[in-house]
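The values are calculated or read from the model by the stated rules, or taken from the named source; none is laboratory data. No experiment lies behind these values; they were computed from the predicted model shown. Here the Cβ positions follow ideal geometry from the backbone for every residue, glycine too, while neighbour counts run over all protein chains shown.
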């Protein structure tokens, strides 16, 4: 059985690297919510319960994904007993804020659902629009909690706290705006902390007067670089090429990128989670696509579900924000930025609007809490040089973190 460390979520520090640590957290969560089983479920979870009991297909999938044993996870025991127990475990996450720790769970909802995500029925369930609608409502209700002062309890100095010496070092807290004298550094909620801003000058924009230099849109680790991408491709297969039509939500801009380039990188739990424009230009369109939350790529046979490869798959199916920009540099021309919410993502927030002119490095929007990855999409012949070494495979210990607003690529000269 594969270990938890094969999952891309562990590579970004969202989940513990060992299966034993994951199961230990789950055992603790089962114990924490044990006394709640007779309590009334929160509205969004109660609505999911109603869906399960009223829709025969959804009910069948949810029952089966609990009963089946995942072939892509190395569990030593079952932590979910039945549907009612699963709903109670989900409900118990809605007043939890993510704790810090290399061996801790930063995606609690994803941890609760992890068993089911690796089963055949779970693979089907998490692609169902009805299930994803229910999950969206649950995650929005959780987001409401993460926007309250009650969620600040995890900003403490314990080993699991974000004010611990190790957490401060991993985050690089000295680079971010905060009040060191304040109990919670001056943040008003968990999401306020998660979407923290750099101090002035911490991330200068590379070559601000040279519009041929393209900068990194996010503080992130490279995942893939593909050229010759197609308008339609079978992104769900092993190896997962990019399918422009699907990734860009059937937008007319997709045709401009045929045979072009897609660069993808993922954000870690301790990274900065705001997005910045990689070029100077004008916003053509900007919108959020409702999609999946816990769907994973599956491959032929009973082997591990290639969780690291799920990032390119998720760029086509997950909830995501898409911003199409007409660059000032005519060689670059039309390009697209795609912010992809993964797992426990609460929101993809767009802060720009069509017709708005952007300076290179200007903020586009941000992720509220959740695992995340992003793509930059360019027309063919635009990129002449990528300013990072060959893009590594996920899990490469030497993978660079590319700083936001640093030089990422150079456009071909006209």
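Got at least one residue in the range 109-125 being outside the structural domain of residue 347 (by TED's automatic domain parsing), in contact with a strand residue (DSSP E or B) (Cβ under 9 Å, 6 or more places away or on another chain) and closer than 30 Å to residue 184 by Cα?
Within the range 109-125 (the criterion being outside the structural domain of residue 347 (by TED's automatic domain parsing), in contact with a strand residue (DSSP E or B) (Cβ under 9 Å, 6 or more places away or on another chain) and closer than 30 Å to residue 184 by Cα), the answer is yes, since at least one residue qualifies.
Taking into account only those residues within the range 334-359 that are in a loop (DSSP other than H, G, I, E, B) and touching a strand residue (DSSP E or B) at 6+ places or on another chain (Cβ under 6 Å), which is surrounded by the fewest Cβ atoms within 10 Å (Cβ to Cβ)?
My answer is 354.
Identify, by number, the condition in (1) closer than 30 Å to residue 119 by Cα; (2) modelled with pLDDT of 90 or more; (3) under 14 Å from the mean Cα position of the chain (by Cα) that residue 268 doesn't meet.
Only one criterion in (1) closer than 30 Å to residue 119 by Cα; (2) modelled with pLDDT of 90 or more; (3) under 14 Å from the mean Cα position of the chain (by Cα) is unmet by residue 268, namely (2).
So, in the range 178-210, of the ones that are under 13 Å from residue 154 (Cβ atoms) and in a loop (DSSP other than H, G, I, E, B), which residue ends up farthest from the chain's Cα centre (by Cα)?
My answer is 183.
Determine if the range 24-37 includes at least one residue that is surrounded by fewer than 17 Cβ atoms within 10 Å (Cβ to Cβ) and modelled with pLDDT under 65.
Yes, because at least one residue in the range 24-37 is surrounded by fewer than 17 Cβ atoms within 10 Å (Cβ to Cβ) and modelled with pLDDT under 65.
From 135, 107, which residue is within 19 Å of the chain's Cα centre (by Cα) and at pLDDT below 95?
From the options 135, 107, the qualifying one is 107.
State yes or no: is residue 127 in a loop (DSSP other than H, G, I, E, B) and closer than 15 Å to residue 342 by Cα?
Taking the combined requirement at face value, the residue satisfies it.
Which ones in the range 260-285 are closer than 15 Å to residue 360 by Cα and in a strand (DSSP E or B)?
Once the filter is applied, which keeps residues that are closer than 15 Å to residue 360 by Cα and in a strand (DSSP E or B), the range 260-285 yields 274, 275, 276, 281, 282, 283.
Consider residue 270 carefully, then state whether it is under 18 Å from residue 341 (Cα atoms) and not assigned by TED's automatic domain parsing to the domain that holds residue 378.
For residue 270, the condition - under 18 Å from residue 341 (Cα atoms) and not assigned by TED's automatic domain parsing to the domain that holds residue 378 - is not met.
With (1) in a loop (DSSP other than H, G, I, E, B); (2) buried (at least 21 other Cβ atoms within 10 Å of the Cβ) as the list, and residue 116 as the residue in question, which single condition is left unmet?
(1)
Of all residues in the range 242-259, how many are out of contact with any helix residue (DSSP H, G or I) (no Cβ under 8 Å at 6 or more places or on another chain) and in a loop (DSSP other than H, G, I, E, B)?
Within the range 242-259, residues that are out of contact with any helix residue (DSSP H, G or I) (no Cβ under 8 Å at 6 or more places or on another chain) and in a loop (DSSP other than H, G, I, E, B) number 4.
So which residues in the range 139-156 are assigned to a helix (DSSP H, G or I) and either crowded, with 17+ Cβ neighbours inside 10 Å or in contact with a helix residue (DSSP H, G or I) (Cβ under 8 Å, 6 or more places away or on another chain) (or both), if there are any at all?
Passing the criteria: 139, 140, 141, 142, 143, 145, 146, 151, 152, 154.
Yes or no: residue 202 buried (at least 21 other Cβ atoms within 10 Å of the Cβ), at pLDDT 95 or above and either over 25 Å from residue 381 (Cβ atoms) or assigned by TED's automatic domain parsing to the domain that holds residue 262 (or both)?
Considered against the rule, which asks whether it is buried (at least 21 other Cβ atoms within 10 Å of the Cβ), at pLDDT 95 or above and either over 25 Å from residue 381 (Cβ atoms) or assigned by TED's automatic domain parsing to the domain that holds residue 262 (or both), residue 202 comes out as no.
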